[in-house]
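To keep things clear, I will list the structure first and then write my remarks on it.
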Amino acid sequence: MRGLRRGLDALYLAGGIAGAVAIVTIGVLVLGQVTLRQLGMIIPGSDDLTAFSVAASAMLPLAYAFRSGAHIRVDLIIGRTRGATRRGMEAVALGLAAAMAALFAFASFDTMSDSWEFEEVAQGLLAVPIWIPQIAMVVGSALFALALVDDLVVVLAGGTPSYRRHEPASAVEKAMQEL
């Protein structure tokens, strides 16, 4: 089990790192464009590359951010429950979220495979086969779906989901634990 946990965590981390690389790419492209414009030059296709990087930076780190507790969660109801009630509500929420994420991953893959099959090319300055930048969307959404299923299995097994391990305890919870 530890090997599986390490492998999954490594996958999530790889997605986070890939998203960070995409963000750095955006910064380098913008800085390069600003600098070269001062010299009367441009980076051909930089708008296309920036757009592809923005999509990658949004999708690839989803699983890592979720597992790190960085996603905004609204637990107005679940946050007020404890024990089996909370576990049941979290299982339902995680199950629904995992189903939606899996559906999105499937739709993303279907879109990418259609782009491959019909040999679609990006409409910008760079004639890039569009399935290449779409890979980031497929991988990111699949990793996110996997992370949701991962936490669902943990909750169903009676464990604490990853996002709750990173949340700060409220003053009331701290006081209750001290009693």
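Please treat every number below as a calculation from the coordinates, not as lab data. None of the values given here were measured: they were computed from a predicted structure. Every residue, glycine among them, receives a Cβ derived from its backbone with ideal geometry; neighbour counts consider all protein chains shown.
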Please report the net charge: other residues with Cβ closer than 12 Å to the Cβ of L152, K and R +1, D and E -1. -2
Taking Cα pairs closer than 8 Å and at least 6 residues apart, the relative contact order of the chain in percent is 28 percent
Roughly how many whole Å is it from the C-alpha centroid of the stretch 1-52 to that of the stretch 125-155? 15 Å
Mean-square fluctuation check for the chain, GNM, Cα pairs under 10 Å: which of G83, G27, G159 is largest? G83
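What is the local net charge at A55, summed over the other residues whose Cβ is closer than 14 Å to its Cβ (Lys, Arg +1; Asp, Glu -1)?
Working: positive: none; negative: D47, D48.
Net charge around A55: -2.
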Value of [θ]222 nm, deg cm²/dmol, for the chain, DSSP H segments ≥ 4, -39500 (n - 2.57) each, nearest 500: -24500 deg cm²/dmol
Once you sort the root eigenvalues of the Cα gyration tensor of the stretch 64-148 as a ≥ b ≥ c, which label holds: rounded (a/c under 1.5), prolate (a/b larger than b/c) or oblate (the other case)? prolate
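Tell me, what is the FRET efficiency for T160 and L76 to the nearest 0.05, using R0 = 22 angstrom and their Cβ-Cβ distance as r?
Values: r = 20 Å, r/R0 = 0.91.
It comes out at approximately 0.65.
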By the scheme Lys and Arg +1, Asp and Glu -1, what is the net charge of all other residues having a beta-carbon under 13 Å from that of G95? -2
Would you mind classifying the stretch 1-122 by shape? Square roots of the alpha carbon gyration tensor eigenvalues, ordered a ≥ b ≥ c; an a/c under 1.5 is rounded, otherwise it is prolate if a/b is larger than b/c and oblate if not. prolate
